[in-house]
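Here is the structure we will look at.
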Amino acid sequence: MSDSPVLTTARFGLWRPVAADLPQLCALIDDEETRRYLGPASPDPQAQFDRLMRNAGSWALHGYGTFMVRPHGESGIVATCGVFHSWRGFGPDFGMDDVAEAGWIVHRDWWGKGLAREAMETVLAWFDRAHGPRRIACMIEDGNVASQRLAQALGFTAYAERRDEADGTLLHLLERGSQAAP
C-alpha cells in the first residue's frame, strides 16, 4: 500500500491498487451474496489476479482505474469503486468496447451504508477534473436494484439492454454523458 490515498471522502480513503491487495480482493468477493450480480466473478486467486492486472493496466495506460476503498485508519479493503477502461466485446452497437466504465463492488457487510455513493461521487468528480468530462458507461445485471438506483443518482441513464449469450442474464447498459467539472 502506498503512503496515502489518492482521494478521500468523509469516511474512506481511495487507494490505487498494489500487488499486495490480491488476498483482500479475494476476500472482498468471497461471500456468495456479494458476488450475486457480478456475473462469472470468482474469489479464486487466479481470477482476482487477472482482475488486478487489468486494473493496473487501466491505470498505467489510461491514468484511471478502480480504487481500493478502506475506512480511514484501517488497512482492510471494504469495496472497489472507480472508473476503469474496459473492452466487453459486445460489439459496436452496444458502446461497451474501448470505453471508460464505472463500477463498484461493496462487501455485503457495508451494504446500505452509503459507501458506494460516497466513493463514486468523489471518483466521478475527480475523473471529470483529471480527464475532462466525457461519456462513461456502466452495466448492471437485471435485478440489482440497489446498483440501478445508485447509477441513476450518479447521473447514469439507460441506453440499451443486452442478454448474455452464455447464461441469458439481462444486462442494463447505462451511460453518463459529459458533465461539467465542478
inquiry  = I want to check the label-to-label distance for E32 and T157. Put each point 7 Å from Cα in the C-beta direction and report it in nm to one decimal.
reply    = 4.0 nm
inquiry  = Need one number: nm distance between label points at R129 and M53, each 7 Å from Cα along Cα→Cβ, rounded to one decimal.
reply    = 3.4 nm
query = Per residue of the chain, what 222 nm ellipticity follows from adding -39500 (n - 2.57) for every DSSP H run with n ≥ 4, rounded to the nearest 500?
reply = -9000 deg cm²/dmol
task = Please order E175, E165 by the number of other Cβ within 10 Å, starting at the fewest.
result = E165, E175
message = At a 10 Å Cβ-Cβ cut-off, how would you order W104, W15, fewest neighbours first?
response = W15, W104
query = Dipole magnitude of the range 7-132 about its Cα centre, charges +1 at Lys/Arg Cβ and -1 at Asp/Glu Cβ only, in debye to the nearest 20?
reply = 280 debye
In nm, spacing of pseudo-spin labels at D167 and D93 (7 Å Cα→C-beta vector) = 2.4 nm
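Rounded to the nearest 0.05, what FRET efficiency do V6 and W110 give with R0 = 22 Å and r taken as the Cβ-Cβ distance? Could you check?
Values: r = 20 Å, r/R0 = 0.90.
Efficiency, from the Cβ-Cβ distance: 0.65.
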request  = For each of V78, V123, count neighbouring Cβ atoms within 10 Å of the residue's Cβ, then give the residues from fewest to most.
outcome  = V78, V123
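Any read-out appearing in this document is the output of simple, stated calculations on the displayed coordinates, not a laboratory observation. No experiment lies behind these values; they were computed from the predicted model shown. Note that each Cβ is placed from the backbone with ideal geometry, even for glycine, and that neighbours are counted across all protein chains shown.
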